[in-house]
Amino acid sequence: MSSVSVSRPVVLTAGSRFDVILPYVSIARLDHWFKNVFMLLGVVLAVFCYPQTLTWASLGVVAVGLVAACLVASSNYVLNEILDAATDRHHPVKCHRPIPAGRVLVMAAYVEWAALGAAGLSIAGSVNRPFFFAAALLWVMGLLYNIPPVRTKDLPYLDVLSESVNNPIRLLMGWAVINPVEIPPVSLLVAYWMLGAFFMASKRFAEYRSIADAARAGDYRRSFRHYSESTLLVCMLFYAVFCGLFLGVFIIRYHFELILSTPLIAGFFCHYLHVALRPDSPVQHPERLYRDRPLMGYLALCMAVFVGLMFVDIPCLGEWLNVAPSPLPSLWRF
């Protein structure tokens, strides 16, 4: 009598189900959600200009806006993980990410990308129209950054500028939550963009030094074929100076007392550069920089002084430095 083998259905335990789901959670990069704190400067600035808008209801809308921003950002991160898988295999650490390591089905990842984007934009639409447009722009920048033939990520200098433009977009989102009628000062948007470019160029610089092999670095990131340590350092200096000049325009134009914060801000740029120059620098992973207590403490001090000076009035300061008050209206309307 011949025996017949019967295949038994595979039963997923709680642990195995978690192991299957975890890679899909990982490619959404929830640990990068902290970057949406850049929205809060827009919120603070809008409340400073219009204190009457600060209510319990507005705080609830800000929370909804943050959720929308996080979902849209995660959609972009998933797309980045999908399209970077081939080059990530050449990186000593990123080769272990879920997609290059084969722990994620690519088609399922595309579904996750679309679902996160749709959910984020749907929630953004419930806030107000300007916030929705800003959130949609954030999502579109993810497409331009990642998808060929544009794929700005592969283009030298544009790789930094196109990713760091997400900073002023987030500021716009924070502002639009509170004030959907007007736009924030353009000088501050440009300064915020250049600040993000300085951070991103520092990340590129640290990555390039960590790989320590020009050929391998070029295989991992195509834009690295056009970079060197010296060119990246020069770019960092350019972005820092550009940021400082436009921040100066904002300060003179809107609240001159903020000039007192510039020594601290200049010191922060120097301290960040010092951190970027460390071997295997933590600026390669901005989502983990919160662990660097001296850097975070310095940043908190800069933010506290900057925000605090918004509420300080020193009329004689302009006289001492021979700067006349601006006669122009404070904001532009749509």
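The values are calculated or read from the model by the stated rules, or taken from the named source; none is laboratory data. Fair warning: this is a prediction, and the values are worked out from it, not measured in the lab. All Cβ positions, even for glycine, are placed from backbone atoms using ideal geometry, and neighbour counts span all protein chains on display.
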Pair list, Cβ under 8 Å, 6 or more apart: the stretch 281-304 residue over 11 Å from LYS203 (Cα atoms), other residue part of a helix (DSSP H, G or I) and at pLDDT below 85: GLU287/PHE34; GLU287/LYS35; TYR290/PHE34; MET296/TYR290
Identify all residues within the stretch 205-250 that are under 28 Å from LEU41 (Cα atoms) and among the aromatic types (Phe, Trp, Tyr); write none if there are none. PHE205, PHE238, TYR239, PHE242, PHE246, PHE250
Checked the stretch 85-121 for anything buried (at least 16 other Cβ atoms within 10 Å of the Cβ), over 21 Å from the mean Cα position of the chain (by Cα) and touching a residue at least 60 places away in the same chain (Cβ under 8 Å); matches are THR87, HIS90, HIS91, PRO98, ILE99, ARG103, VAL104, ALA109
Tell me yes or no: at least one residue of the stretch 20-37 is modelled with pLDDT under 85 and over 18 Å from VAL67 (Cβ atoms). yes
Checked the stretch 125-150 for anything under 18 Å from the mean Cα position of the chain (by Cα) and not aromatic (Phe, Trp, Tyr); matches are ALA134, ALA135, ALA136, LEU137, LEU138, VAL140, MET141, GLY142, LEU143, LEU144, ASN146
Consider TYR192 carefully, then state whether it is surrounded by 15 or more Cβ atoms within 10 Å (Cβ to Cβ), hydroxyl-bearing (Ser, Thr, Tyr) and free of Cβ contacts under 8 Å to residues at least 60 places away in the same chain. no
Considering only residues of the stretch 41-59 that are surrounded by 18 or more Cβ atoms within 10 Å (Cβ to Cβ) and small (Gly, Ala, Ser), which is nearest to VAL104 (Cα to Cα)? GLY42
Is there a residue being assigned to a helix (DSSP H, G or I) and farther than 28 Å from ARG291 by Cα anywhere in the stretch 21-44? no
For PHE38, all conditions in the list (1) surrounded by fewer than 18 Cβ atoms within 10 Å (Cβ to Cβ); (2) farther than 30 Å from VAL20 by Cα; (3) in contact (Cβ under 8 Å) with a residue 24 or more places away in the chain hold save one; what is the number of the exception? (1)
With the requirement that a residue be of a type in the set (Phe, Trp, Tyr), in a helix (DSSP H, G or I) and not assigned by TED's automatic domain parsing to the domain that holds GLU207, what does the stretch 138-196 give you? TRP139, TYR145, TRP175
